[in-house]
Amino acid sequence: MHKFIAFSVFALTLGVAATFAVTPPKVLVVAQSIEDAVSFDPAEGYELTTVQTFNNVYQRLVQSNPNNPTQIVPALAASWKLGADGKSLTFTLKTGAAFASGNPVRPEDVIFSLSRAVKLNKAPAFILNSLGWTADNVDSFLVRTDAKSVTLSWPAKVGASFVLNLLTAPIASIVDQVTVASHEQSGDQGNGWLKTASAGSGSFVIHSYVPHDSLVLDANPKSPAGAPILQSVILRNVADPASRRLLVEQGDADLARDLGADQIAALNGKAGISVLAVASAQQDYIILNAASTTNPDLKNPALWQALRYLVDYDGIANKLLKGQAKVHQAFLPDGFPGALNDNPFKLDVTKAKSILAKAGLTNVRIALSVFNQPPFSDIAQSLQSTFAQAGVTLDLQPAITSEVYSKIRSRTYEASILYWIPDYFDAHSNAQAFAFNRDDSVHNVAWRAGWLTPELSDKTDAAVAEKDPAVRAKLYGAIQKSVQESSPFIFAFQATDQVVLRSNVKGYIQGINADQVYFAGVSK
Amino acid sequence: MTTPLAWKTSRLRRLASVGGSVLTVAGSLLVLLIVTFGLNALSPIDPALAVAGDHASQSTLAQTRRELGLDQPLPVQFLLYLGRLAHGDWGTSRSTGQPVLGDLARALPATLELSTLALLLATGFGVILGLGAASRPGGAIDGISRFLALVGSSIPIFWLGLVLMALFYARLHWLGGPGRLDGVFQYTVPLTTGFLLIDSIRSGQEGAVANAVSHLALPVLVLMLHALAKISRLTRSSALEELSKEYVTFARSKGVNQRRILFYHVVPNIRGAIITTTALAYVELLEGAVLTETIFAWPGLGRYLATALFAADSPAILGATLVLGAAFILINAAVDALVQLLDPRAK
């Protein structure tokens, strides 16, 4: 009993010692899960955490205007000129621009960075591959024109507006060749070192990264992008959303990401807290495997068509996703140039039944591989009940994310609900994934759905080669319409990213694409 | 009298027995590794995909597979792993991109600090509550002990953790929240030993120790309650059994008081059982603190192993299994030695 009293006294003493916490001034504390991070090397990192960091640590030749993403503005390049053949761009570098190390930014750094990214051939390398650049040929397309300029050319049939958009992607980040080369080990081009360090010219530098614990960014006052207002940004790994909510509510974090709809509802309207809703380019879609060896019904376009009328779009968006998504039925997200924003499909069981009956489809049974976490597990249950109304049985097969992806990638699934985030801010990113499969040679999403579509592939090629942005947008409108009308994809929702901020945090900017997170203008 | 020859034989025998134990330990660890590797190979997750991501091109995926050595037959992969391990190379974790040894050197102290404190408290309170409960079954202490055991063993640990945090951290502001330190200290207290109680004392910063303790309090409490349930109930039932024996009745009839009977007669007879249960509880705390570590944002071994499993990250899984297996063998050996030392019959 004495020990009990002693423990209570101990606890009370602690109570006095612990005070209401406030984060240090000039330091932004972000609560999020950083367990996805594999590498902070811009040529390799392709996870949400790393991609969201690159815009703050590295600069590219050009960037999307943070306040108006469709506009391309100078970054390390002061200006650029299109070559006479329309297949090359000459960039003149900003005078006096230097890396955080103090080394000047030279044409050699541009060539080194792009060539390195292609040759390392890590996860995001396919983005630069779409210019026709491969490990063997890339060096011949990157030429130093003079001490201040560099010319990039490309063999692929793509227009300059596409190339400029593509160069805003994190993989096109310019790294400091001198610093990186000094950390090279057994021909790894500095990849081992850059996994946890930085060598860029962005507003911040990586101070420290401890896996599963924290990422600390320090201000780079010499950045050509301008000195940030904050001294540091600390990304704390908090894997549990309920814990993240407590931290931001208590003021121990200034910003919290990825909270559930119910947690956001509980925080909305609380003093000292504001919820920022940012339209995101993430889309949820149903994928059907037309090449399934276990379910021949799935290659029947009538089934694809019927299922489009068996999704309770409004019910799921309003009741399950509660403010975290809206209905969107085309493969380009709202906010991308050329996006198709009419949503022609509604839950219509009678119509679905008549399509199924006309096609002679009875006793349809589909196995649905689904991530074992909300909101996907909830959406799957809604689909199960609406599909059943038309006699389509859905067997739910919940599994962890990596297991579902392994099945999709090996085409050993029947159907799934997945999400898609564009790889760079250009319509081609999604068109190339969903509307391109001439001969099964590229294992993109269309291949994973077992869908051969030579005609749309030609249209996708034509759209990316088009120079006039207005004509391009029109071409993508037509491609989306085709995918919407007949394809094994059912696009259903577009996400809204809800970021919880302490009210004293000002100037935080987040754009529609996953990488568009900017800490440089933040003050508190 | 011992002849020099007999002396030599006995020394040889002892050496042989030590050698035998080392071989047994190494053999057990090897079997553990083989089983873990085999189970991981059965995992439906493609490890290369977990690294390169869902969007990567076929050529990147093939290259990743080569780099991870996944293009080799399974037995070759395992033998290569063993060969590297023999040279002190534990491999690189695919999910953190970092050397496994460094990852473990960071995660293990965090878990050890948490579970050792929880175990010490659980043993102290558990034994006292158990004895108190046994000395007066149905009494107040028995009631408290039963209630705590019920809380510790039946309330889901993640729920208990969140509720305690909502109360003591969010409502009352008495204790620290998720994480091992407040943001103010988190990056100013250098991690040298990895044990924050030690590191915060060494840093000499004002308030750092109190802060570390206030962050430890809740996860330690949650884990302690979990272990306490077992230890207190086992102590109670073992003590009750002893108390019903004839030698206790005899001691009572001679006028020996209850406290003396408990501490001088009952405890020595049940300590073997208590030590064994405590050791089992310790092993469970070391490997099973995943949920507690998730809720309290504690970068420990359980959480590390869980994320590695989700990515079929075999170097990390094998490394963490090796550490846990070694800990299990060590703790068991220590328990055997301790029980033998304390058992008068073994002398």
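Using 0.36 nm per residue and subtracting the Cα-Cα separation, the extra length available between residue A:103 and residue A:314 on full extension is 70.5 nm. Charges were assigned to the Cβ only: +1 to each Lys and Arg, -1 to each Asp and Glu. The resulting dipole of the range A:280-497 about its Cα centre is roughly 420 debye. Quick check: from the Cα gyration tensor, does the range B:1-152 come out rounded (a/c under 1.5), prolate or oblate? Taking the square roots of the gyration eigenvalues as a ≥ b ≥ c, the range B:1-152 is oblate.
Hydrodynamic estimate: the Kirkwood radius of the range A:280-497 over Cα pairs, inserted into Stokes-Einstein at 4 °C and 1.567 mPa s, corresponds to D of 74 µm²/s.
Mind giving me the nanometre distance, one decimal, between the label points for residue B:173 and residue A:265, set 7 Å out from Cα along Cα→Cβ? Between residue B:173 and residue A:265, the label points sit 3.0 nm apart. Roughly what angle does helix B:267-287 make with the longest principal axis of chain B, taking Cα atoms, 0 to 90 degrees, to the nearest 10? Roughly 20 degrees between the two axes. Structural size metrics of the protein assembly as shown, computed from C-alpha coordinates, are Rg and Dmax of 31.1, 112 Å.
Positive end of the dipole of the range A:280-497 (Cβ unit charges, origin at the Cα centre): among A:384, A:325, A:431, the Cα lying farthest that way belongs to A:384. Applying the criteria of a DSSP loop state and at most 12 other Cβ atoms within 10 Å to the trypsin sites (Lys or Arg not before Pro) of the range A:119-209 yields A:157. What separates the Cα centres of the range B:206-277 and the range B:141-184 is a distance of 22 Å. Simple point charges give the picture: +1 on the Cβ of Lys and Arg, -1 on the Cβ of Asp and Glu, and for the protein assembly as shown a dipole about the Cα centre of about 2160 debye. The simple spin-label model puts a point 7 Å past each Cα toward its Cβ; for residue A:377 and residue B:166 those points are separated by 1.9 nm. Look at the Cα gyration tensor of the range A:377-493: its axes a ≥ b ≥ c give a/c of at least 1.5 with a/b over b/c, and that counts as prolate. When only Cα pairs below 8 angstrom with a gap of at least 6 residues are kept, the range A:275-413 shows a relative contact order of 25 percent. For chain A, what is the percent of antiparallel DSSP beta bridges, rounded to the nearest 5? Taking every DSSP beta bridge with both residues in chain A, the antiparallel ones total about 75 percent. Among complete DSSP H helices in chain A, those whose alpha-carbon atoms stretch at least 18 Å along the helix's long axis and whose mean Kyte-Doolittle hydropathy reaches 1.0 are A:2-17. A helix-only calculation puts chain B at -24000 deg cm²/dmol for mean residue ellipticity at 222 nm, using -39500 (n - 2.57) for each DSSP H run of at least four residues, averaged over all residues.
Loop-resident trypsin sites (Lys or Arg not before Pro) (DSSP state other than H, G, I, E or B) in the range A:318-374 with no more than 13 further Cβ atoms inside 10 Å of their Cβ: A:346. A simple spin-label model places the labels of residue B:333 and residue B:13 2.2 nm from each other, with each point 7 Å out along Cα-to-Cβ.
Pull out a ≥ b ≥ c, the square roots of the eigenvalues of the alpha-carbon gyration tensor of the range A:190-239, then state rounded if a/c is under 1.5, prolate if not and a/b is larger than b/c, and oblate in the remaining case. Cα axes put the range A:190-239 in the oblate bin. Computed from the Kirkwood radius of its Cα pairs, the Stokes-Einstein diffusion coefficient for chain B at 37 °C and 0.692 mPa s stands at 140 µm²/s.
Across peptide A:232-241, the mean count of Cβ atoms from other chains lying within 10 Å of each residue's own Cβ comes to 4. Peptide B:294-301 is shielded by partner chain Cβ atoms: per residue, an average of 5 of them sit within 10 Å of its Cβ.
Between the C-alpha center of the range A:379-456 and that of the range B:29-74 there is a gap of 23 Å.
When the range A:280-497 is described by a simple charge dipole with +1 on each Lys and Arg Cβ and -1 on each Asp and Glu Cβ, the residue from A:369, A:456, A:295 located farthest towards its positive end is A:295. Once the chain from residue B:147 to residue B:250 is taken as fully extended at 0.36 nm per residue, the excess over their C-alpha distance is 33.8 nm.
Set the Förster radius R0 to 41 Å, insert the Cβ-Cβ distance between residue A:222 and residue B:89 as r into 1/(1 + (r/R0)^6), and round the FRET efficiency to 0.05. The calculated FRET efficiency here is 0.55. Computed over the range B:159-235, the P(r) tail beyond 22 angstrom holds 34 percent of alpha carbon pairs.
Cα centroids of the range A:264-331 and the range A:68-127: 37 Å apart.
Rg and Dmax over the alpha-carbon atoms of the range B:208-330 stand at 20.4, 66 Å.
A straight chain from residue A:258 to residue A:350 at 0.36 nm per residue would run longer than the Cα-Cα distance by 29.4 nm. Relative contact order of chain B, taken over Cα pairs closer than 8 Å and 6 or more residues apart, is 26 percent. If R0 equals 56 Å, the separation of the Cβ atoms of residue A:144 and residue A:395 corresponds to a calculated FRET efficiency of about 0.40.
We did not get these values from a lab; they are worked out from the coordinates using the rules stated. Quick caveat, the model's predicted, so the values are computed rather than measured. Neighbour counts are summed over all protein chains in view; Cβ atoms, including those assigned to glycine, are modelled from backbone coordinates with ideal geometry.
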